Amino acid sequence: MQFLENFKPELLVESPGRINLIGEHTDYNMGFVLPTAIAKKIIFKFRKNDTATSCNVYTLGYDQGFQIDLKNISKSEVEWQNYILGVLNEILKRTDKLRGFDCTIESNLPTGSGLSSSAALECGLAFGLNELFDLGLSKIEMVQLSQTAEHTYVGTQCGIMDQYASVMSEEGHVILLDCRSLESEMIPIDLHPYKIILLNTKVSHNLATSEYNVRKAECEEGISIIQKKYPEVRSLRDVDVDMLSISKAEMREIIFKRCSFIIAENERVLQMAKALQSNKLQQVGELLYEAHEGISKDYEVSCKESDFLVDFSKNNPQVLGARQTGGGFGGCTLNIVAEEAVADFVKEGAAAYKKAFDIDLEWFEVLPSQGTLARWL
Ligand code: ADP
Ligand code: MG
């Protein structure tokens, strides 16, 4: 693209991915989650281009760019462009201060790996444009408009967690977020002498978007049955095990399993927060294994590759716990591993995984990190 030839950016934005320690699929059920931003991120560079409505966006990783006219925003055939267009569309609904800009996107965040490169892309763009044009959007407005963009332009009916974590995180903490009230508490996380190690299965099964929306619909089906007995219930967050069992007879088996998982998972988030606060590391690990069992058997959003890696961890006494992290069907497993055992763990894991699936395992350590940052250049 022509603007790249003499590109002098004015503003740099670092927009991180995230892990979720526990609380999978609880966000759209208005429950609790426990995520944090990680040190892997998308980097945006921006400059105003002195036009009223002409924008250029180029992503280095894909070696692809496109032009946008702010007067004429509509969905694209190209998937990644819809994250950009969706965010611009939402910003334009809220302010008339947006003008033409040029922007490049670089990333060291694996995509489709459950680390939420999608939220990093949306929120980083919103954050940068807010700063560049002094749009006056609050952080929570940027989080919410990014979520809406993913619903309307990409079609994933995601909850609020990914965007919230990417923007709001603080170094050395996980966020205990109530996805209904959006109240949050920063929980310090210190797992010494253990580390958080991510193993990337490098599979990203195509089911992710479609099955995500199916799970959401299944939860809604469950709620509508439970509401017959408990009209005050608004989401699965309001349901306990006893209430669910009273409605069980009226439910398809699969709906019961989905609801059971969400109720248990929501409870695990609160237990995890307490375990971290009282430094009960064994319990931290046990909760992760329990969560994976539910992810795999009841919510059925795991896959053979993730199950293999979690089972591999279970056989290693130096690993306290493990589970698949993110929306599901591949991506990364999160493992709590004794510091001195990390080198052997990843070496043996890589060999076993290669033998089983002929895929080169990728791994890295996660450091709970700061959310989105903008810097004038
Ligand atoms: P995840 O959020 O777990 O990484 P998603 O499927 O939700 O997985 O989002 C991945 C999508 O986000 C990619 O397929 C692509 O469309 C978009 N994306 C992520 N990073 C970039 C990037 N650096 N440049 C362009 N598009 C990106
Ligand atoms: Mg995503």
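Please treat every number below as a calculation from the coordinates, not as lab data. Given the structure is predicted, the values throughout are model-derived calculations rather than measurements. Ideal geometry is used to build each Cβ from the backbone, glycine not excepted, and the neighbour counts take in all protein chains shown.
Dipole orientation for the chain: of the candidates Tyr164, Tyr153, Ser369, Tyr153 has the Cα lying most toward the positive pole (charges on Cβ; Lys, Arg +1; Asp, Glu -1).
Taking the Cα centre of the chain as origin and assigning +1 to Lys and Arg Cβ atoms and -1 to Asp and Glu Cβ atoms, the resulting dipole is close to 400 debye.
Using C-alpha positions alone, give me the convex hull volume of the chain per residue in cubic angstrom. Spell out each step's value before the answer.
Working: hull volume 54.5 nm³, N = 377.
In the chain, the Cα convex hull volume per residue is 145 Å³.
Each of Leu236, Leu367 was scored by other Cβ atoms within 10 Å of its Cβ. Listed from fewest to most, they are Leu367, Leu236. Residues considered: Lys314, Lys228, Lys248. Largest GNM mean-square fluctuation over the chain, using C-alpha springs under 10 Å, is found at Lys228.
Hey, got the dipole for region 4-157? About the Cα centre, +1 on K and R Cβ, -1 on D and E Cβ, debye to the nearest 20?
Working: 14 positive and 19 negative charges, 48 e Å.
For this selection, approximately 240 debye.
According to the calculation over all Cα-Cα pairs in region 102-179, the P(r) per 5 Å bin from zero is 3, 14, 24, 25, 22, 9, 2, 0 %.
At a Förster radius of 22 Å, what calculated FRET efficiency corresponds to the Cβ-Cβ distance of Glu5 and Leu92, to the nearest 0.05?
Working: r = 28 Å, r/R0 = 1.29.
Here the calculated transfer efficiency is 0.20.
Take the Kirkwood radius over Cα pairs of region 187-333, plug it into Stokes-Einstein at 10 °C and 1.306 mPa s, and you get 96 µm²/s for translational diffusion. Shown for Leu176, Leu377, Leu288: other C-beta atoms within 10 Å of each C-beta, ranked fewest to most, produce the order Leu377, Leu176, Leu288.
Which value in deg cm²/dmol, rounded to the nearest 500, describes the helix-derived mean residue ellipticity at 222 nm for the chain, given -39,500 (n - 2.57) per DSSP H run of n ≥ 4 and division by the residue count?
Numbers: 10 runs with 146 residues, N = 377.
So the helix-based figure for the chain works out to -12500 deg cm²/dmol.
Projected label points at Phe364 and Leu12, each 7 Å from Cα along the beta carbon direction, are separated by 1.7 nanometres.
Footprinting exposure proxy ranking of Met1, Met142, fewest other C-beta atoms within 10 angstrom first, gives Met1, Met142. In whole angstrom, note down how far apart the Cα centers of region 115-171 and region 227-276 are. About 29 Å separates the Cα centre of region 115-171 from the one of region 227-276.
Note on Asp240 and Ile140: the model spin-label points, each 7 Å out from Cα along the C-beta direction, lie 2.8 nm apart.
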